[in-house]
1. Of TRP39, TRP58, TRP102, which has the largest mean-square fluctuation in a 10 Å C-alpha GNM of the chain?
2. Could you calculate the contour length gain from LEU222 to ILE68, that is, 0.36 nm times the residue separation minus the distance between their Cα atoms, to one decimal place in nm?
3. With r defined as the distance between the Cβ atoms of ARG55 and THR210 and R0 fixed at 35 Å, what FRET efficiency is calculated, to the nearest 0.05?
4. Apply the Karplus parameterisation 6.51 cos²θ - 1.76 cosθ + 1.60, with θ equal to phi minus 60°, to every residue of the stretch 104-109 and state each ³J(HN,Hα) to the nearest whole Hz, in sequence, with x for glycine and proline.
5. To the nearest 10 degrees, how steep is helix 187-196 against the longest Cα principal axis of the chain, on a 0 to 90 scale?
6. What is the local net charge at ILE180, summed over the other residues whose Cβ is closer than 15 Å to its Cβ (Lys, Arg +1; Asp, Glu -1)?
7. Name the residues whose placed amide hydrogens come within less than 5 Å of the amide hydrogen of PHE182, ignoring near sequence neighbours (fewer than 5 apart) on the same chain.
8. Can you sort HIS148, HIS154 by how many other beta carbons sit within 10 Å, fewest first?
Amino acid sequence: MLRNHRTTDLGYNRPMSSLDAVLFDYGMVLSAPRNPQIWSELAGLSGMSEAELERVYWMYRDEYDAGILTGEEFWSNVGASAGATYSPDLLSQMNAGDVRLWGDLNEPMVQWVLQLHRAGIRTGILSNMGDRMSEGLASRFDWIGRFHHTVWSHALKMRKPDPAIYAESASGLGVAPARILFIDDKPENTSAAIAFGMQAIVYKDFDSFTAEMESRGFGDLLRIASSGAR
């Protein structure tokens, strides 16, 4: 898959694969699974059992991610489903807890992202995420600001797997779809990326991810990034 060499901003030559950019989902790719202790805390704040919160949390999540609901409206709807009304202060606490819920990082993937940045490889985020979540995560993790382009679904009023959201990511990265690798934990989202013309990998865990990168001929990106970090 190696084609020629390119000089990066770091001043060294690196082989160029058939990819010019890597596009990441956030949840369960850059993040670890949700934190169970914080989930328990959110259930306590909501006045619900964890099982009941599980049901209503996902009931309204698509509308939140699509920008139909703000973070405050999302949690207000969650409360209303249980006959509760939350104060502005409690809504703020629940939004902050939601950020912390998904704030544990998938360290091997985040380290690879940082290496890609150092190597001068274009990167992006394409994530289904509501307004308070994206704001909170961007405030918490300064490395999010180093991506060349980020697409948070709420800002576009659309969600994966809508083809238009992949078009927005490709346009923002300034890279042809065929030269973008998209990584997501949900097969329906990677299938939509492939249909749009991108390369894609379903993320399960870091070991299987690196094995698939090698088998697909993209292993040079792993090695290039490592060499660029030195």
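1. TRP58
2. 51.6 nm
3. The value I calculate is 0.45.
4. Per residue, the Karplus-derived 3J(HN,Hα) values read 6, 9, 7, 4, x, 6 Hz.
5. Between helix and principal axis, roughly 50 degrees.
6. Here the count lands on 0.
7. LEU23, GLN199, ALA200, ILE201
8. Lowest count first: HIS148, HIS154.
Coordinate-derived values only; no laboratory data. No experiment lies behind these values; they were computed from the predicted model shown. Here the Cβ is made from the backbone with ideal geometry for all residues, glycine too, and neighbour counts use every protein chain on show.
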